[in-house]
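Taken together, the values in this text are just the output of simple stated rules run on the coordinates, not laboratory data. This structure is a prediction, so every number in the text was calculated from the model and none was measured. Using ideal geometry, Cβ is built from the backbone for each residue, glycine included, and neighbour counts are taken over all protein chains shown.
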There are 2 protein chains.
Amino acid sequence: MSSWNVAVLGVTGAVGQEFLGLLEERKFPVGVLKPLASAKSAGSKIRFAGREIAIEEAREDSFQGIDLVLSSAGGSVSKKLAAHAVRAGALVVDNTSAFRMDPEVPLVVPEINPEDIARHKGIIANPNCSTIIMLVPVSPLRQLAKIRRIVVSTYQSASGAGAKAMRELENQSREILEGKAPTRQVFPHQIAFNLFSHNSAVDPETGFCEEETKMINETAKIFHEPVSVFPTCVRVPVMRAHSESIWVEFEQEVSLEAVRKVFEKAPGLKLLDDRQKNHFPMPIEASGKDDILVGRLRRDPSNPKALSLFVSGDQLRKGAALNAVQIAEIALQKRPAAKGSSAL
Amino acid sequence: MSSWNVAVLGVTGAVGQEFLGLLEERKFPVGVLKPLASAKSAGSKIRFAGREIAIEEAREDSFQGIDLVLSSAGGSVSKKLAAHAVRAGALVVDNTSAFRMDPEVPLVVPEINPEDIARHKGIIANPNCSTIIMLVPVSPLRQLAKIRRIVVSTYQSASGAGAKAMRELENQSREILEGKAPTRQVFPHQIAFNLFSHNSAVDPETGFCEEETKMINETAKIFHEPVSVFPTCVRVPVMRAHSESIWVEFEQEVSLEAVRKVFEKAPGLKLLDDRQKNHFPMPIEASGKDDILVGRLRRDPSNPKALSLFVSGDQLRKGAALNAVQIAEIALQKRPAAKGSSAL
């Protein structure tokens, strides 16, 4: 059986760790695994497929013999290293924002626009986590009617800001329960028992933060058409799944029965809409799962063309690592197993 | 100086405790204070104005000599006792949902419809916390243009479910940090490091929960006109302030400059909209404050008639006890200081 040599760039981060787990779990045909990180982690070991492998420093010459780079190393590192990886013949699936809006780079959610994968020139971008978690449930509704407008408010977990942010939520919670002042290092504001407007830079002119702008621009690129999206991004004291309250207005009336039927068949989704038990999508139930949970389906009584959804999805899996691995799986089907079996 | 005899019904609850603090802090002219609760708390003591006062069991005959009842004892208790209090000559300001939609009972936010207080027949209802926290910022915008539609997603604190729910958030957080399974008693789902659709009963036909229906119906009653409100109510692991992400569409274009001017003058609000420092309303900064924080003012780029706000307000204060005390202050100005100085 053919196999591919895989470099995981940013292997010590929360998404990097998730890459390793997913490659094993999905029996991805890994030949050689090359864990890459910054110089300060070089020499530390990671475990993969029952073996210990030493982390190497990510450098321009790290990609000889590599078929696939799964990258989640921060935008500037990706920007610097991706071209070298491509020149060495690797496919780069990049989880940072570095290439997402580059017209030469496909931006892909496999459930929505897998056909865009074919036109890559070495780099495929993974969308922002909030974009993916919104679009996997919203996209299949386009079968029913054209979307006129989306108003979305997010409930974003600490994991979106990385492993350190998850520890900060834990540490601050402990400090507060012990009556101590919470220590801030990662987030600009206290995250434990609090929430705040998303911690990305805010445009002084429009008031939109970068996370919101990503949701707007990436939706248009993935859908191949402009869509009116009005997002409000909020960080909440939850560990690793994002939730979103989504109101969608269509060009025509859409029945909830039709929406339910679409959701029951749509890939990557699980309908959880139990009104009697008041059981709807929650981050603790979405955590560790591949599917995005969708529920709280309601018609807008004052607008027959509008309805609402509530979704929860694992930010580290479908919001990041899983989507990237799914992209790689499709892309590599179309590619000969090149260097996979040779030693590096 | 005239004074009034005040009974606090449900004095052991989170809102009851807040009533006591506010009466002191606002130098409310209390003659006799009568703390009332269920039989199981009778005999326990509360502290008020430097004295210890024994809690009495709330009964039908508890209201002789009382001028004002501040009630937050649960809908069924209020329903049972309010008529007796009114018959005894007291004004009842009721914080439960028992009388809110009764056409004979005014439903009042003092910043919005203080004129409705005058038509009371002994009972004045305090709106739901989420309604108050939405309407104090939204109402003054009606000076600028007629509102066509509101889409609102809430981030509601544990305090909305009472003192026991706040302890549950604390206890579950501690249990999870210690690696134990979280104990559930008050909420149907884990609240620590999680969030869930509001824990009020869900209408099996429409999918709206009671909290959402309250926001819709109470808005129409307070504004004296129908308004299209589409709420999604969510409980988050925050202690005592509710936040709301509000998208408002008007009949005409409204400029953000005009909105800012309105907010700078509007009572009960504090504008907190610092784009440069990414400093916007947060529950920890709204907690313990009288004013509702409002910020994240943004135009909707795809809809010139729409804009958004993000608000945080103390659920126990303006969302409950403070609003009720403010109603009482206005109502009692118009009423002779009756029994206040006589002993009970």
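The set of residues in segment A:138-167 that are in contact with a helix residue (DSSP H, G or I) (Cβ under 7 Å, 6 or more places away or on another chain) and part of a helix (DSSP H, G or I) comprises A:Pro140, A:Leu141, A:Gln143, A:Ala158, A:Ser159, A:Gly160, A:Ala163, A:Ala165, A:Met166. Counting only strands (runs of 3 or more DSSP E) that sit completely within segment B:18-111, those holding 2 or more residues that are surrounded by fewer than 24 Cβ atoms within 10 Å (Cβ to Cβ) and either on the phi < 0 side of the Ramachandran plot or among the small types (Gly, Ala, Ser) (or both) correspond to B:30-37, B:45-48, B:51-54. Restricting attention to segment B:126-165 and to residues that are within 14 Å of chain A (Cβ to nearest Cβ) and charged (D, E, K, R), the residue that is surrounded by the fewest Cβ atoms within 10 Å (Cβ to Cβ) turns out to be B:Arg148. Applying the criterion of at least 1 residues that are more than 19 Å from B:Thr154 (Cα to Cα) and acidic (Asp, Glu) to the strands (runs of 3 or more DSSP E) found wholly in segment A:268-336 leaves A:303-314. Of the listed requirements (1) away from chain B (no Cβ under 12 Å); (2) among the β-branched types (Val, Ile, Thr); (3) surrounded by fewer than 23 Cβ atoms within 10 Å (Cβ to Cβ); (4) in a helix (DSSP H, G or I), A:Ile176 misses just one: (1).
In summary, B:His198 fulfils each of the numbered conditions (1) facing another protein chain (nearest Cβ under 8 Å); (2) more than 30 Å from B:Arg260 (Cβ to Cβ); (3) surrounded by 21 or more Cβ atoms within 10 Å (Cβ to Cβ) with the single exception of condition (1).
The residues on offer are B:Ile216, B:Ile222, and the sole one that is surrounded by fewer than 24 Cβ atoms within 10 Å (Cβ to Cβ) and either within 10 Å of another protein chain (Cβ to nearest Cβ) or within 23 Å of B:Pro283 (Cα to Cα) (or both) is B:Ile216. Number of residues in segment A:226-255 that are away from chain B (no Cβ under 13 Å) and not small (Gly, Ala, Ser): the value is 5. In segment A:256-294, the residue that is nearest to B:Arg149 (Cα to Cα) out of those that are of a type in the set (A, V, I, L, M) and within 12 Å of another protein chain (Cβ to nearest Cβ) is A:Leu256. Scan segment B:298-321 residue by residue and report those that are within 12 Å of chain A (Cβ to nearest Cβ) and either buried (at least 20 other Cβ atoms within 10 Å of the Cβ) or over 18 Å from B:Ile246 (Cβ atoms) (or both). B:Arg298, B:Arg299, B:Ala306, B:Leu307, B:Ser308, B:Leu309, B:Phe310, B:Val311, B:Ser312 - these are the residues of segment B:298-321 that are within 12 Å of chain A (Cβ to nearest Cβ) and either buried (at least 20 other Cβ atoms within 10 Å of the Cβ) or over 18 Å from B:Ile246 (Cβ atoms) (or both). Restricting A:Ala7, A:Ala49 to residues that are among the small types (Gly, Ala, Ser), in contact with a strand residue (DSSP E or B) (Cβ under 8 Å, 6 or more places away or on another chain) and in contact (Cβ under 8 Å) with a residue 60 or more places away in the chain narrows the list to A:Ala7.
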